[in-house]
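Worksheet for the structure shown next.
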There are 2 protein chains.
Amino acid sequence: MNSNNCGAAQAEEYNDMKDTTYSISELAKEFDVTPRAIRFYEDQSLITPTRKGRCRIYSERDRIRLKLVLRGKRIGFSLAEIKTVFDMYDSEPGEEGQLTYLIDMIRDRSNMLKLQRRDIDAVLQDMKDVEKRAKTALKALQKN
Amino acid sequence: MNSNNCGAAQAEEYNDMKDTTYSISELAKEFDVTPRAIRFYEDQSLITPTRKGRCRIYSERDRIRLKLVLRGKRIGFSLAEIKTVFDMYDSEPGEEGQLTYLIDMIRDRSNMLKLQRRDIDAVLQDMKDVEKRAKTALKALQKN
DNA sequence: TACAACGTTTACGTTAACGTCAATAATCGT
DNA sequence: ACGATTATTGACGTTAACGTAAACGTTGTA
């Protein structure tokens with residue numbers, strides 16, 4: 001088993017643990033996305049796997065990045081937005097301007113997300129109501 | 001004032017209150033979207049304003065629908081998804097199959113939304129951390 | 001009377017985020 | 001030796017949700 005051309009390569013040097021690596025299809029399976037999507041994220045500079053020949057090798061860090069990308073997507077961030085966050089997180093502290101900009105951006109985003117939580121709660125409430133209505137109607141039907 | 005060709009027409013019959021109507025640009029302003037977008041939602045059968053000649057007249061119900069559309073969008077629903085919810089809500093109780101389907105769909109959506117809340121909380125926490133880092137770095141810079 | 005303001009329809013353009021081939025290469029089990 | 005499997009790189013296609021521009025119709029106002 002574990003037989004593909006790239007071979008889920010493990011252990012580098014003295015097998016330090018945390019040196020686990022993954023193939024593209026392994027990650028695709030784990031997160032239920034297509035390899036195409038993962039390659040696309042790389043194209044957009046969101047993930048940067050190493051190579052073994054032509055094959056992509058994903059580190060644990062890459063895996064976490066992917067996880068973050070998908071999480072960001074789920075709450076409505078565009079890939080470009082996710083990238084700017086990554087970039088800023090990666091960059092060395094940098095100049096004062098960049099930092100205050102980053103802080104402002106985070107404030108902004110945080111507020112948006114809090115509003116989004118409200119929207120979700122509102123919709124959840126609405127759905128509860130609709131469900132109740134539907135259940136009542138269903139029971140009425142079944143009495144016949 | 002209040003001078004456009006369609007004229008935000010008020011009062012129908014005995015001015016019952018709640019008979020308030022809106023022009024397309026009024027709604028556009030209120031919800032900060034373009035008239036184009038609002039017309040597009042009509043095209044997709046999400047809103048169905050009446051007409052006064054060729055001009056669209058939006059009722060309070062239309063306004064609420066628009067509000068719901070935008071809320072749905074904000075939490076990541078597609079217009080098509082929003083439409084199916086509207087359709088089901090509008091339709092008479094219907095057959096048993098439809099009802100159980102509706103209930104299942106609501107369960108499904110609710111679970112998704114709950115997961116989405118978790119994602120939001122996670123990202124909010126991440127952002128807090130980044131903000132802290134940034135603030136620290138900023139203070140360090142300013143000590144110079 | 002002219003033009004500014006608001007509305008209309010029609011239709012083509014745009015962006016994001018992949019999907020979907022096609023052609024090719026390396027490796028595996030049989 | 002050969003087909004199945006997993007990988008690669010192009011490159012074109014697709015869908016959603018509008019944007020944008022053109023050409024036009026009313027209405028109030030300077």
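Readers should treat all values here as calculations from the given coordinates under stated rules, not as data from a laboratory. If you're wondering where the values come from, they're calculated on a predicted model, not measured in any experiment. For neighbour counting, all protein chains shown are included, and Cβ atoms are generated from backbone atoms with ideal geometry for every residue, glycine included.
Check region B:24-45 and report whether any residue there is in contact (Cβ under 8 Å) with a residue 40 or more places away in the chain and out of contact with any strand residue (DSSP E or B) (no Cβ under 6 Å at 6 or more places or on another chain).
No, region B:24-45 contains no residue that is in contact (Cβ under 8 Å) with a residue 40 or more places away in the chain and out of contact with any strand residue (DSSP E or B) (no Cβ under 6 Å at 6 or more places or on another chain).
Hey, among A:G76, A:G72, which residue is surrounded by 14 or more Cβ atoms within 10 Å (Cβ to Cβ), at the interface with another protein chain (Cβ under 8 Å from one of its Cβ atoms) and outside any helix (DSSP H, G or I)?
A:G76
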| field | Residue in region A:53-69 that is farthest from DNA strand C (Cβ to nearest atom), counting only those that are surrounded by fewer than 14 Cβ atoms within 10 Å (Cβ to Cβ) and of a type in the set (D, E, K, R) | value | A:E60
| said: So, in region A:56-90, how many residues would count as being over 23 Å from B:D121 (Cβ atoms) and within 16 Å of DNA strand D (Cβ to nearest atom)? | reply: 6
| Just one of A:R118, A:R133 is more than 12 Å from B:L99 (Cβ to Cβ) and either more than 8 Å from chain B (Cβ to nearest Cβ) or hydroxyl-bearing (S, T, Y) (or both); which is it? | A:R118
